[in-house]
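The values are calculated or read from the model by the stated rules, or taken from the named source; none is laboratory data. Please read these numbers as outputs of a predicted model, since none were measured by experiment. Note: ideal-geometry Cβ built from the backbone for every residue, glycine included; neighbour counts use all protein chains shown.
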Amino acid sequence: MSLITLGINHKTAPLDLRERLAFTPQSLPEALASLKRLDHVEEASILSTCNRTEIYCVTSKDIDQSIVQWFSQFHGLDEHLFTDHLYSYSHEETIRHAMEVASGLDSMVLGEPQIAGQMKDAYALANEHGTIGQLLGKLFQRAFAVSKQVRTDTDIGSSPVSVAFAAVSLAKQIFGDLKQTTILLVGAGDTIELATRHLHAQGVSKIIIANRSQERAQRLADEFGGEAIGLQHIGDHLYRCDIVITSTASPLPIIGKGTVERALKQRKREPIFMVDLAVPRDIEPEINELDDIYLYSVDDLQSVIESNMENRQQAAEQAHEIIDRQVTHFLDWQRSLGATDIIAQIRQHTQDMSSEVLTKAKKQLAAGQKPEEVLEFLANTLTNKFLHQPSTQLRQASQDNRDHILDVAQNLFLSKDDKNDFNKTK
């Protein structure tokens with residue numbers, strides 16, 4: 001069985017294409033089920049974030065093309081529109097890629113920690129729907145362990161660099177002191193929570209959190225002394241806000257051009273700084289055409305992020321060394337699975353032979369035969385039965401001059417001291 005990965009990310013595809021190929025939380029269960037139904041797909045998981053959509057599979061053969069076709073059909077998008085933006089990895093490359101992704105080495109923000117949590121969510125969902133088995137499960141578990149080791153043993157997470165941090169940094173560059181600003185955060189997930197923490201650290205006290213579940217928004221707002229509203233009330237409060245940061249899983253924009261135009265009139269043309277961290281986008285791109293609006297997407301933050309990367313490059317090199325070792329360990333583990341099956345077969349075979357001989361020995365005892373004779377019969381018969389097949393094969397190997405098999409047999413059946421004694425007598 002082979003591991004494969006197929007996907008797009010911020011390095012290979014523009015935002016508008018990533019939007020069209022993203023999976024919503026609501027569509028993921030159906031997507032996993034239909035992907036698993038493909039011929040030769042034994043296990044499957046889907047990772048879909050604002051910066052990447054990746055499909056991880058265990059297959060009985062290389063079937064990239066059938067997965068590309070499935071990808072196209074599921075999203076209703078002609079495959080010729082996106083195949084040039086796809087990347088695919090085979091077995092060992094998939095192992096390495098998964099570990100790099102989990103460790104934040106393939107992220108827009110080098111070393112950002114959120115992706116590990118997103119991978120855990122993808123793993124949990126696939127596990128819940130029964131599309132993950134031994135091999136893919138082991139890969140994800142090992143990737144999570146590597147991520148933790150990289151974060152513990154290197155300085156890759158030493159500075160607070162993330163998409164959320166970049167958004168706050170850009171806001172600070174524009175406004176200077178953020179303490180007097182009013183900020184609207186749309187969503188209540190990890191990215192918005194992280195942005196809220198960064199804003200709170202900057203002394204921001206006027207925070208409005210909008211979410212589909214107002215109860216969840218209220219819990220986050222209470223933690224930072226903010227105000228919670230439902231998504232339907234954004235238009236009623238937008239005029240109050242100097243900064244808007246959005247990150248939801250909505251398949252359609254939440255903030256439209258008309259809503260923003262009305263807010264600008266109420267603000268008497270005071271500008272609004274907006275950052276849309278969602279894929280698909282939460283804010284209609286046409287809003288950027290309005291005067292007094294400064295709208296940034298996740299791709300626009302790249303330059304802000306790059307200025308914070310230099311101090312993480314050395315840590316990334318150390319992380320790659322860790323991953324090199326862990327890829328080798330994973331491949332060793334997978335190779336050992338074949339030995340495990342063989343060992344189980346041998347154990348079952350010897351147990352069957354032992355049971356057969358033991359039954360005969362018990363009958364001999366019941367018939368009144370001397371215990372010493374029965375024990376001798378038991379020992380001799382077991383020895384002969386256990387060694388009959390190996391002895392036959394070894395004699396044939398010797399006749400065929402297959403000396404490597406004789407060497408393997410010595411390693412399997414003789415201790416180091418026994419081998420030394422045997423070689424001395426040769």
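Of the residues screened, ILE115 is one that is in contact (Cβ under 8 Å) with a residue 40 or more places away in the chain and part of a helix (DSSP H, G or I). Only one of the numbered conditions (1) under 25 Å from GLY157 (Cβ atoms); (2) among the hydroxyl-bearing types (Ser, Thr, Tyr); (3) touching a helix residue (DSSP H, G or I) at 6+ places or on another chain (Cβ under 7 Å) is not met by SER88, and that is (1). Against the definition (farther than 16 Å from ALA116 by Cα and outside the structural domain of PRO280 (by TED's automatic domain parsing)), how does ASP155 come out, yes or no? The answer is yes for ASP155. Restricted to segment 327-362, and to residues there that are of a type in the set (Ser, Thr, Tyr) and over 37 Å from the mean Cα position of the chain (by Cα), the residue that is nearest to ALA145 (Cα to Cα) is THR350.
Looking at segment 165-185, is at least one residue assigned to a helix (DSSP H, G or I), at pLDDT 90 or above and hydroxyl-bearing (Ser, Thr, Tyr)? No, segment 165-185 contains no residue that is assigned to a helix (DSSP H, G or I), at pLDDT 90 or above and hydroxyl-bearing (Ser, Thr, Tyr). Answer yes or no as to whether PRO271 is at pLDDT below 95 and in contact with an Asp or Glu (Cβ under 6 Å, 6 or more places away or on another chain). Answer is yes for this residue. Answer yes if at least one residue in segment 152-163 is under 29 Å from ASP276 (Cβ atoms) and at pLDDT 95 or above, and no otherwise. No, there is no match, as no residue in segment 152-163 is under 29 Å from ASP276 (Cβ atoms) and at pLDDT 95 or above.
Residues are listed down the side, and each one gets a yes or a no for (1) more than 20 Å from VAL298 (Cβ to Cβ); (2) among the basic types (Lys, Arg); (3) in contact (Cβ under 8 Å) with a residue 60 or more places away in the chain:
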{"site": "LEU136", "(1), (2), (3)": "yes, no, yes"}
{"site": "PHE140", "(1), (2), (3)": "yes, no, yes"}
{"site": "THR154", "(1), (2), (3)": "yes, no, yes"}
{"site": "LYS172", "(1), (2), (3)": "no, yes, no"}
{"site": "GLY176", "(1), (2), (3)": "yes, no, no"}
{"site": "LYS179", "(1), (2), (3)": "yes, yes, no"}
{"site": "VAL186", "(1), (2), (3)": "no, no, yes"}
{"site": "LEU194", "(1), (2), (3)": "no, no, yes"}
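To keep it simple, each residue is scored yes or no on (1) among the β-branched types (Val, Ile, Thr); (2) within 32 Å of the chain's Cα centre (by Cα); (3) crowded, with 22+ Cβ neighbours inside 10 Å.
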| residue | (1), (2), (3) |
| --- | --- |
| PHE175 | no, no, no |
| THR191 | yes, yes, yes |
| GLY203 | no, no, no |
| GLU215 | no, yes, no |
